[in-house]
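Here's the structure we're looking at; comments come further down.
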Amino acid sequence: MPIVSLDQKKKRVSFSEFGTENEIVFNYFDKLAASERDEAVLRALYIGVLAMMEDRFSAFLAKTSNELGTELESLKRIFDMKQELFYKTSVKGVAAEDEVAEYLREFLETNKLKDTVELTGNTSGNLKRNKTGDILCKVDGSDDFRIVIECKLSKNIRMGDISTRDVFSRKSDTVWSQLIEADANREGKVSIVVLDAEVVDSNLQKEVGYLKYISGIGFVAIIDSQKGDYKNVAIAYLLARDIATKLKVRDVDGDLLGFMISALVRDIISIKSIRSLVEQNISTNKKILSELEKSFLLLEFHEKYFSKFLQDGILTKEDMLSFYNGGDVNDRFKVIEKEILGVG
């Protein structure tokens, strides 16, 4: 008696009672709650049918053993291998941009919002040879209200808070730098960085949770592309939309002032630490001189931006990006350091 029977009128597929002793299948369902197993069977059937409809999988199944266990194990190994390669290449980044953009388009259409969504990751923006800002959204299609989204799928990215930022260390992308850079490069009102739960650093994930707002900087949203869960992007976008359209320009930007003051406080603390070096030997004295020169450069750097801010009442997006990255302070210090230490 056949296991499968079809009802042509009702377009219904029925299965007679059957079972399997396949270890992989048993272990999978054994881990599920009893209430979840029926739905899991339907999902497995649907996914399996889609896979068999795909030529590549059909060809593979035709060439393998007729035993279901062998086929499932081989498919699993291929899936694991392709998934590993997927996350080691830039393919994932491009795919994520497309997925987030498509999700936003559908979300906006469902909510009857007339915002536009444009993929911009392959084009340069305001900053020379800079493509930061993968997705550009315009509220109601207006060029005055831009929301910029950067998809950053890397285990190496950290938060990069200004209070812990060392401008003399090797430059690397951080959440802060990407938010500021995306804003400056695409002339955004608000920026969003999207991370993926599958590849994000565990410490960063703990710090962000699912969604985090960095005052005066932008939003961080964590998605789960493997589960097709992009809801945190939608939440971040709606909040960013409100900020972009309702934020009023103030005479003094408290967030920006706090941003600059926190950096200044950090560098003042650094200057105070120099006192403990005074009683050390000649080589240490050279280090003291080097640290003093570094501190003077930092104070000169801060004075430049404070003067501009106090005079104009505002800093441009480009100014903020330069301030975060430390301008040319590091390059200038390297020249002075060589002279002090007699290197080169």
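The values are calculated or read from the model by the stated rules, or taken from the named source; none is laboratory data. Predicted model, so just to flag it, every value in this text is computed and none were measured. Reconstructed Cβ throughout: ideal geometry from the backbone, glycine too, with neighbour counts over all protein chains shown. With ligands, DNA and RNA removed, areas are computed over all heavy atoms of the protein, side chains included. Shrake-Rupley method; radii C 1.70, N 1.55, O 1.52, S 1.80 Å.
Checked against (1) among the hydrophobic types (A, V, I, L, M, F, W, C); (2) at pLDDT below 80; (3) open to solvent by less than 40 Å² (accessible area, probe 1.4 Å), Val265 passes all but a single condition, namely (3).
Taken as a whole, segment 5-17 holds no residue that is surrounded by 10 or more Cβ atoms within 10 Å (Cβ to Cβ) and charged (D, E, K, R).
Give the residue, chosen from Glu187, Glu150, that is open to solvent by 70 Å² or more (accessible area, probe 1.4 Å) and either at pLDDT 90 or above or farther than 19 Å from Lys212 by Cα (or both).
Numbers: Glu150 fails: open to solvent by 70 Å² or more (accessible area, probe 1.4 Å).
None of the others qualify; the one that does is Glu187.
Hey, does segment 313-322 have a residue that's modelled with pLDDT of 80 or more and more than 23 Å from Asp183 (Cα to Cα)? Within segment 313-322, not a single residue is modelled with pLDDT of 80 or more and more than 23 Å from Asp183 (Cα to Cα).
Just a yes or no: is a residue in segment 51-60 in contact with a strand residue (DSSP E or B) (Cβ under 9 Å, 6 or more places away or on another chain), at pLDDT below 80 and in a loop (DSSP other than H, G, I, E, B)? So that I can check it myself, show each step before the final result.
Going residue by residue through segment 51-60, those that are in contact with a strand residue (DSSP E or B) (Cβ under 9 Å, 6 or more places away or on another chain) are none.
No, every residue in segment 51-60 fails to be in contact with a strand residue (DSSP E or B) (Cβ under 9 Å, 6 or more places away or on another chain), at pLDDT below 80 and in a loop (DSSP other than H, G, I, E, B).
Cβ-Cβ under 8 Å, sequence separation 6+ or interchain: first residue in segment 319-344 and open to solvent by 60 Å² or more (accessible area, probe 1.4 Å), partner outside any helix (DSSP H, G or I). Which pairs? Filtered contacts from segment 319-344: Glu337/Val343; Lys338/Gly344.
Can you find a residue in segment 163-170 that is small (Gly, Ala, Ser) and at pLDDT 85 or above?
Here is the first cut: in segment 163-170, the residues small (Gly, Ala, Ser) are 163, 169.
Narrowing further to those that are at pLDDT 85 or above: none.
No, segment 163-170 contains no residue that is small (Gly, Ala, Ser) and at pLDDT 85 or above.
Against the list (1) assigned to a loop (DSSP other than H, G, I, E, B); (2) surrounded by fewer than 18 Cβ atoms within 10 Å (Cβ to Cβ), the condition Leu315 fails is (2). Applying the criterion of being touching a strand residue (DSSP E or B) at 6+ places or on another chain (Cβ under 7 Å) and not hydroxyl-bearing (Ser, Thr, Tyr) to the residues of segment 13-50, the residue that is modelled with the lowest pLDDT is Phe15.
Working only within segment 123-142, note down all residues that are farther than 17 Å from Val194 by Cβ and either among the polar types (S, T, N, Q) or open to solvent by less than 20 Å² (accessible area, probe 1.4 Å) (or both). So that I can check it myself, show each step before the final result.
At the first step, the residues of segment 123-142 found to be farther than 17 Å from Val194 by Cβ are 123-130, 138-142.
Listed by number, the residues that qualify are Thr123, Ser124, Asn126, Asn130, Val139, Ser142.
Of the residues making up segment 200-239, just one is open to solvent by less than 10 Å² (accessible area, probe 1.4 Å), within 12 Å of Val100 (Cα to Cα) and not hydrophobic (A, V, I, L, M, F, W, C), namely Tyr237. Looking across segment 212-237, the residues that are in a strand (DSSP E or B) and either of a type outside the set (Val, Ile, Thr) or at positive phi (or both) come down to Lys212, Tyr213, Gly218, Phe219, Ala221, Asp224, Asp229. In segment 160-184, of all residues being within 14 Å of Gly216 (Cα to Cα) and β-branched (Val, Ile, Thr), the one that is surrounded by the most Cβ atoms within 10 Å (Cβ to Cβ) corresponds to Ile180. In the set (1) in contact (Cβ under 8 Å) with a residue 24 or more places away in the chain; (2) within 16 Å of the chain's Cα centre (by Cα); (3) open to solvent by less than 80 Å² (accessible area, probe 1.4 Å), Lys155 fails one condition alone, (3).
Does at least one position in segment 132-147 carry a residue that is more than 26 Å from Lys246 (Cα to Cα) and polar (S, T, N, Q)?
The initial filter retains those residues of segment 132-147 that are more than 26 Å from Lys246 (Cα to Cα), namely none.
So far as segment 132-147 goes, no, none of its residues is more than 26 Å from Lys246 (Cα to Cα) and polar (S, T, N, Q).
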